[in-house]
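So the structure is just underneath, and the comments pick up after that.
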């Protein structure tokens, strides 16, 4: 490619475009965050080198969004020719005494602050002054840029399994031409060029749809019984999908007062405890997580004198396939009813297993990209109304993403913990995100402090619920159990 050539930009998929368009409504603004704690303070220049390398290979971090006139196609990603890494990588000082509460107090309002829509949609904050001689960096990205599972894949390029020696990022000149270097051509973003590319995109979409319909027709002609079985499965899928769309949340004190403020917290669950509960009670990791969260929600509501029998958790489901790139969103959002009023922890777990099996069996999640595409085609006011209605299907968000099981290093320093944070969108006042790292699940809690002013109580309730599940499992026999593939609850995902 010639250095002065015009490059063809990437285009958002329908889910990405939906997150982008809803961003103009403050209540529907969606960002994901990650707080990384390392063993020793991070050297800014070395961390900058790592972000430079990452942004050169994950080109979306150097691209901005350009909308197509009249919304005739999803927005495009184009290279930001004024990209300034130092604008995106910032530093913050943690006030004394410099513990985790002070760190979280500093990054909470940063997470609530919107990103500049004219620039690449991410920011990172190097925290200085953390107690105990440790280091920290907080990263936030717009949800249209990446989901939870994509974020873990991106982290694989950002953090390494190598130790301090030999782990330093090479200077850009030594690495040769990166994907970002190869995309140095000027993108034509004039209305005429955008409309021309939009028409080509729409033509390609129409041809793909026609080919799919023709293939389906041939399949019916050659295998009528199989087609009838497929039609029955499709009817079940549509019925499950319809039930999702009309689901309503339970009444809860969480929804009485709301704001745009955010307060973050952390919690940790030993994977040994999860494995013990899972093996002895014949459950999946996701079932155990939802049971623990349900127990904590029960304690919180009881403390406020609220007799709530059931809440709905919005659970992101991963639709990403093995060869899919890290960027973009490939998720569905399922509203799972949780029996928080069930006093018996084992009974609570069994009800969750039954409901999760029912939700997954009809494969309703596969229809969510279709809904997202439909919402990008209707007038914005109508799409915004649908988006707000859909956020009211559930009371809170819970997302669980698998992370690295081996120790990893960031800019030469050992990573101690990785806390994920999911967005509060619409009517959701609580978002609980979990990421497994080494021997624990790192839990990030993102709440509206007006809706949940006693966040420390809820963190304690999580600990009590975990202890309750572990104690019950100790009295159960050990059962050999092959867990399901960990794709049931995924990003954000978180998430």
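Highest-first packing order for the peptide set 107-113, 403-409, 81-87 is 107-113, 403-409, 81-87, based on the mean count of other beta carbon atoms within 10 Å.
For residue 43 and residue 25 in the same chain, what is the full-extension length gain: residue separation times 0.36 nm, less their Cα-Cα distance, in nm?
2.7 nm
Full extension of the segment from residue 460 to residue 66, taken as 0.36 nm per residue of separation minus the current Cα-Cα distance, would add 137.3 nm. Neighbour counts of C-beta atoms inside 10 Å place 142, 201 in the sequence 201, 142, starting with the fewest. The peptide list 279-290, 446-457, put in order of mean Cβ contacts within 10 Å with the highest first, becomes 279-290, 446-457. Taking other C-beta atoms within 10 Å as the exposure proxy, 64, 358 rank 358, 64 from fewest upward. With the Kirkwood sum run over all distinct C-alpha pairs, the stretch 1-129 has a hydrodynamic radius of 16.9 Å.
Taken together, the values in this text are just the output of simple stated rules run on the coordinates, not laboratory data. None of the values given here were measured: they were computed from a predicted structure. As a convention, Cβ positions derive from the backbone with ideal geometry for all residues, glycine included, and neighbour counts pool all protein chains shown.
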